[in-house]
Structures are given as C-alpha cells and as structure tokens.
Amino acid sequence: MAPMSLPLSSLLNHWHSLQRANMFCFALQGLRHRALRSPLWKRNFGAGSYGVGQLLSHQPTGRKYAASVCSSSSDGQDMTERLWSVYNETKKQTKDLIPVISANSVNPDTIFANNEMSLRDIEIYGFDYDYTLAFYSSHLHTLIFNIARDILITNHRYPEGLRKYEYIPNFAVRGLHYDVQKALLMKIDAFHYIQLGTVYRGLHPVSDEEVIAMYEGSHVPLEIMSDFYGKSSHGHTMKQFMDIFSLPEMTLLSCVNDFFMRHNIDYEPVHLYKDVKEAIRDVHVKGIMYRAVEADIGKYICYGEQSHAVLKKLSEQGKKMFLITNSPFDFVDRGMNYIVGKDWRDLFDVVIVQADKPSFFNDRRKPFRRVTDRGALLWDRIHRLEKGQIYKQGNLYEFLRLTGWRGSKVLYFGDHIYSDLADLTLKHGWRTGAIIPELRKEIKIMNTEQYVHMMTWLQALTGLIEQMQVHRDPASQAVVGEWIKEREAMRPQTKDIFNAQFGSLFRTYHNPTYFSRRLSRFADIYMASISCLLDYDFQHTFFPRRTPLQHESPFWPEHSPDLFHIPKLQS
C-alpha cells in the first residue's frame, strides 16, 4: 500500500523516528545556508529536545560560523585538530541515524506528483498500449537488437563479424543523448551540462579531458540539442532516446561503433546512425517484432493481471476509457486478449490504433478510418466514435470534436514523455501521467542501507566543505582538500550503484537529468506502472512536495519543537 493509505495508528507509531530522520535531512539541506549552534552536531534529534527548534534556527553563516568553529589561534596543528573533530563528530552522527532513515523507506508503488491533481475531477482515462497497459520481458529487447543487427548485415552490407555482438541488458539507460556527428553516447543534466564519466564511444568510456577538449568544456549549446521531440533534425546534432524501445537501439549503435574502432575501419558516424535508425524502424514498421511477439506471447509479455484490475476498477466506477496507440490492431488485440481477456474491448469507449503519435496530436489532415475485426480498412466517413469499433490514425482535433472530451477532466497515461504527453499538457490542457517502469528499481536501490549511508554522508561532507572553505591558512586548506578528495571519490559510487556506465535515470551527480526536467514539465503525476492506481481511491488528491528553492528556508515551521508534538489519543 502507498504511504498515504497506512492506518493512523501505524503512522503515529513511526512519528518519532520520522521526525528524527526528517530533522537530520533538513539539517543536511540547511548546511548550505545556516550553521549549527555548536561546532559539534547535537546527538538528540527527538521531540522537545535541543535539535528541533535550535538546530534549524537562524545562525551566523559563512565566515562568521567557520570562525566560531575554529580557534583564532594561528597554530596550524590546533586548527587541523578542530576541523577533524568536527568531521569525526559529523560522521558519527550520520552513522547513528542511518537505521532511522532506512526504516522510513519510499514505497515503490507510490504515485508521485509534479502538479496538484485530484482524481475527483477526472472523468475520462486514456491509455497508451506499449509499456503502459502491456509490459514486456527483457527477451523483447534482445529480439529487437538481434533482428536489427541482422538487418544491418543483410540489407546494409555491414560486416559479418557484427553477429558476434549480443545485446547487453544493463549497458544503457533511457534518456541519454547521442551526438550523431561525434558518435558519442552521454548523459546530460537539466542545464545542458554533460555528466563527465558518462560519455561513451562504442562500448568504452571517453576520458574527461577528451570530452572537455571536444566540447570546449562540458556544456552543450542549445542549438545542437535535440528538437522538441528529442530527434536529431533541422541542424540539431543530438538525439535523445526517450523511448524504452530505444534501449536496444543505443546498444546496437555502441556495438557497431565498437566493431569499427576495434578493426580500424574508417567510417562516417552520420551514416552509421541513420542505418541503425532505419534497421530499428524496420523491426517495427515491417511487423517483424509484432509477428515474433504474437507467436510466443507468454515469452515477451509480462502477464498483466494488475493492468486488468485497474481497468476493471475504473469501469466499475463509471469512468470513460479510451486507448490511443501506435501499434497495429492485430498486435494490440492479441496482447489485450492475453492481459485482460477476449472481452477487453468492452472496457473501452474508444480504441484507436496506428495513431502515428506525436503527429496524431498536431496534424489535422488525417481523418479516422474504421477497421474491421479482420484488419480491413473501410472507406466511410466517420461521424462518431462508437464503442466496440476499432479506428485507425485520425487526429486529436477530430477526436475532441467527436467526443467532447476536453481539458482537465481527461487523464492520459503513456511512457514516452514527448510523443505521449508533451502536446497534451502544453496545447490541450489534459492531465498527464507518465509510466516509468525503471522507477521501481531505482527506488529499491535508494531504500538500501548502502545508498542511504552513502548519500547522507555525501551531503554532510559537502556541507562541511562549504562551511570550512573560508579558512585560507595552509593547515585548514590541507584538511578541506582532503575532504574534497573524499567527496570526489564518493561521487562515482552514487552513479555506479544504479548503472555502471550512466548512473540514475533521474540524476547526474547532484542535478536532475535532462530526462527529469522534461518529466517534471510534461507529467502531472508519474509512477512505475498503472497498477499503482490500485492503492488510491477516486477522491484522492495528489500534492507535489514543496521542496525549498535555493533561497528559501529548508524547513518552514522552524521556531518551536512543539509544532511537531502530536497529542496522545485517548484510550
């Protein structure tokens, strides 16, 4: 169950440990802006103790605080001892609180809000199909990789030696950028900076020095970034891979680059990118993948009992539902029969296949066509969208005219932030829900004691460095230099714990990724799967967490510990 659905008694039982953990986290955030009253961190974070009110009260910062911690004595050894004393006590406090913080882990089935939204207002629910209603096993990515690799060899006359390359399941993560001209795969943050240590040419990392030389720093100018939909077009030299289906494409690009470099073959990176792109497209467009999945559906589709339960729950609540997918009808029908049952069409008021998103949301010229159960296209003009019928292509403007489903009463779920969600929220005012399957794995990693300890100490250490860097005497600078080295050694670990090559889908070392930036802009809510809806009733309101801006206090009710006191319930 999601945290908000826990019984009150359970929440009260955990109140004090939650309070202590939250106080500590806020203290870590606040190190940048305010200092602790004592040079040594106070150990008691309980209600009514020193910690709550005094810990976060306004104190002298910067040079004044650093001076209060360290003696005015010019003795270098004394200064060194004082700095290391602060360091050791801080580290001890971090270690002591790890069990408390770890005990209050994040539920992977929680729905997270970027924008306030109440299910009470939602009357119509729309869905994409792939990776929204249907989830695929890892076998599918291997299939796509193998077929596209063979197409390169057979149809594009690439070297036969490429057959030795197999799909590498954990090589790439979604949201990466590919520099088409330089043949580099990399992760970029929300401010267009390359995360050094995540740049790959083929299957091998590129040194930070080489990256900085190629880009004259680590910033990627706006004019060479991908276009609005993440594509490399109209002079843009970067391609962003936002689709889950793009994981085999990134891996294939890296493998072919690796082969050419290993064999000292002179090649044009732009041609390679276009050929791989075309090979991957053929796997989908020519129906090769669809036929393979339909032939062994149990191998490729993860049984969707939870998807069925969500659709049934919505239907029982009298909600309208529709499906808009780029996949063909036969493929969707076979999958939905497997996931939901033969009567799956009875759950949906409108079903649209081969919609050609994102063009579906922008191109007014494509009318709807009705599709028979055998896949034949009819020629009659569509005057209404009827339940039980199947429609192909069309456009959103005609969809809105025929259904009247407009504005914030509609909630649409999809996995592709650009193709599924961007236009709906920017142009049409629909509410949007992003399905991020990777979220569940990342949350489980963040819940581990190893991760909690690493990140808590990293933040505390960063706070120490920021506060103590003002001392310019050689002894202090030597100590702070040691802390900086420790911090720099720790930061790659925060990447590797998620993915050895590229790290987390959502963060660079400290900034959000470019993927996270787009997710927060185009999705009102996001979750690991639509099954997360089962933990909420249809009166629930999702509230985004009010994370403080850089100039704001990290904790609002900061003046009195009594604000956090919850009176005991009378027995």
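With the other protein chains left in place, how much accessible area per residue, in square angstrom, belongs to the stretch 210-339 at a 1.4 angstrom probe?
With all protein chains present, the stretch 210-339 gives 45 Å² per residue.
How about the stretch 111-184: which GluC sites (Glu not before Pro) there are in a DSSP loop, with at most 11 other Cβ atoms within 10 Å of their Cβ?
Qualifying residues, ordered by number: Glu116.
If you roll a 1.4 angstrom probe over the protein chains with everything in place, what fraction of the accessible area of the stretch 368-457 belongs to carbon and sulfur, to the nearest %?
That share works out to 46 percent.
So what J values fall out for the stretch 218-226 if you push phi through Karplus, 6.51 cos²θ - 1.76 cosθ + 1.60 with θ = phi - 60°, rounded to Hz, Gly and Pro as x?
Whole-Hz 3J(HN,Hα) from phi for the stretch 218-226: 10, 8, 9, x, 4, 5, 9, 5, 5.
Which FRET efficiency value, to the nearest 0.05, do you get for Trp379 and Met454 by plugging their Cβ-Cβ distance into 1/(1 + (r/R0)^6) with R0 = 60 Å?
0.45
Give me the percent of the accessible area of the stretch 246-303 that comes from carbon and sulfur atoms, probe 1.4 Å, all protein chains in place.
50 percent
Please identify every one of the trypsin sites (Lys or Arg not before Pro) in the stretch 349-436 that sits in a loop by DSSP and has no more than 10 other beta carbons within 10 Å of its own beta carbon.
Sites meeting the loop and neighbour criteria: Arg364, Arg365, Arg374, Arg381, Arg384.
For the cross-link pairs Lys239/Lys392; Lys312/Lys427; Lys366/Lys387, which exceed 24 Å when the distance is taken from alpha carbon to alpha carbon?
As for pairs spanning more than 24 Å Cα to Cα, those are Lys239/Lys392; Lys312/Lys427.
Classify the stretch 158-255 as rounded, prolate or oblate, taking a ≥ b ≥ c as the square roots of the eigenvalues of its Cα gyration tensor: rounded when a/c is under 1.5, otherwise prolate if a/b is larger than b/c and oblate if not.
Note, shape of the stretch 158-255 comes out prolate.
Run the accessible area of the stretch 153-219 with a 1.4 Å probe and give the carbon-and-sulfur part as a rounded percent.
The C+S portion of the solvent-accessible surface of the stretch 153-219 is 52 percent.
Got a sec to turn the phi values of the stretch 124-132 into Karplus ³J(HN,Hα) couplings, 6.51 cos²θ - 1.76 cosθ + 1.60 with θ = phi - 60°, whole Hz, x for Gly and Pro?
Once θ is set to phi - 60°, the couplings for the stretch 124-132 become 10, 10, x, 9, 7, 9, 5, 6, 10 Hz.
Just the number please: accessible area per residue for the stretch 414-564, 1.4 Å probe, all protein chains included, in Å².
Dividing the accessible area of the stretch 414-564 by its residue count gives 43 Å².
Take Asp363, project a point 7 Å from its Cα along the Cβ direction, then tell me which residues of the stretch 285-314 have their backbone nitrogen under 17 Å from it.
Residues 285-286 fall inside that zone.
The values are calculated or read from the model by the stated rules, or taken from the named source; none is laboratory data. Being a predicted model, the structure only gives us computed values, none of them experimental. As a convention, Cβ positions derive from the backbone with ideal geometry for all residues, glycine included, and neighbour counts pool all protein chains shown. Side chains included, ligands, DNA and RNA excluded: accessible areas come from the protein's heavy atoms. Shrake-Rupley method; radii C 1.70, N 1.55, O 1.52, S 1.80 Å.
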